[in-house]
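Bear in mind that the values in this text are calculations on the coordinates, not laboratory data. This structure is a prediction, so every number in the text was calculated from the model and none was measured. Glycine also receives a Cβ, built like all others from the backbone with ideal geometry; neighbour counts cover every protein chain displayed.
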Amino acid sequence: MRVNTAKQTMLEGKPAFGYALGLASPLSAEVLANCGIDFLLLDRQHASWGDDSTVAALIAMSAGRATPMARVARNNFTLIGRLLDEGMMGIVIPMVNTPADAAAAARACRFPPTGDRSWGWGRARAYGDDYSEWIDNEIFVAVQIETKQALDNVEAIMATPGVDGCWVGPSDLSLSLGFHPREMDSRDEHARALEKVIEACRNTGTIPGIAGRSIQDGVNRAKMGFQFITAGSDIGFILSGAAAGLATLRQATQTTPLPRPADRP
């Protein structure tokens, strides 16, 4: 048996932090799985992952403590089942706008009689012969709240049996509310929308989550009351580190003249 330690942390009322995996690199997955983060979210919606690289990443993550999770490409019974069969212990389902959408997502994640998941699995056999006896309790099912329609239906969505929590897509939510994502922090309607999601989760006993844009944004979201929080990504860390390094290099060489090589005769 493998315990979903990230879910356990959230059920204790604490925030669980994760990093998104977008580079389709099993090596990145392996390194980050051992860094101490609570969970890793492999992104099958927007990133470059394929079936083979997904399995390779799960194998790479297996020695680390981070709980392996994935965002599925869309709310599709077969796509959700395949990720579970390979060993994901958390699923994020995008574009869930109605209670019916949420019910379809939740039922795809658990075996009968609780859900409709098809019996049989692949790489998840690595978890042991008792896999089917505990996975329905350990799986974390999060629906994405990322449109005005979902926001209007949020309490009914979160009250859907089998939904454990949500993961707000703040940028798509901004677009659906009628403004560019770069404006989200200055828009009162965006702040009210996030408060509405948190309140709906409190009223239904579910876990509020959100896609954080950075480490500091993750901290800020936790202070707001979110618990299932991604606070960066592998590609984001590379780009931000490279940009910070380049700025330091440029500043140092512009303010301190470098010695010029001696003139040749």
**OP:** List every residue whose amide H lies under 5 Å from the amide H of residue 43, counting only residues 5 or more places away in sequence or on a different chain, with H placed 1.01 Å from N in the peptide plane.
**Re:** 21, 71
Subject >> Gained length - residue 11 relative to residue 224, 0.36 nm times residue gap less alpha-carbon distance >> reply: 75.0 nm
Original post:
So if R0 is 30 Å, what FRET efficiency would residue 196 and residue 255 give, r being the distance between their Cβ atoms, rounded to the nearest 0.05?
Top reply: 0.05
Subject >> Candidate lysines for bridging to residue 7, where Cα separation is under 23 Å - those fewer than 8 sequence places away on the same chain excluded >> reply: 196, 223
Original post:
If you plug each phi of region 64-74 into the Karplus form 6.51 cos²θ - 1.76 cosθ + 1.60 with θ = phi - 60°, what whole-Hz ³J(HN,Hα) values come out, in order, with x for Gly and Pro?
Top reply: x, 8, 5, 6, x, 10, 8, 9, 6, 5, 7
Original post:
Taking amide H positions as placed 1.01 Å from N in the peptide plane, with prolines and chain starts having none, which residues 5 or more places from residue 168, or on another chain, fall under 5 Å of its amide H?
Top reply: 145, 209, 210, 211
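Taking the Cα centre of the chain as origin and charging only Cβ (+1 Lys, Arg; -1 Asp, Glu), how large is the dipole, in debye to the nearest 20?
I would put it at about 620 debye.
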Subject >> Likely footprinting exposure, 109, 166, 35, fewest C-beta neighbours within 10 Å first >> reply: 35, 109, 166
**OP:** Would you calculate, for the chain, the mean residue ellipticity at 222 nm contributed by helices, counting each DSSP H stretch of 4 or more residues as -39,500 (n - 2.57) and dividing by all residues, to the nearest 500?
**Re:** -13500 deg cm²/dmol
Original post:
Among rounded, prolate and oblate, which fits region 71-167 when a ≥ b ≥ c are the square roots of the eigenvalues of its C-alpha gyration tensor, a/c under 1.5 means rounded, and a/b larger than b/c means prolate?
Top reply: prolate
Original post:
Given 0.36 nm per residue, what is the gain on full extension from residue 244 to residue 48 after removing their alpha carbon distance, in nm?
Top reply: 68.0 nm
Original post:
Of the labelled options (1) 87, 46, 30; (2) 129, 47, 23; (3) 51, 39, 33, which one gives Cα extents along the principal axes in Å as computed for this structure?
Top reply: (1)
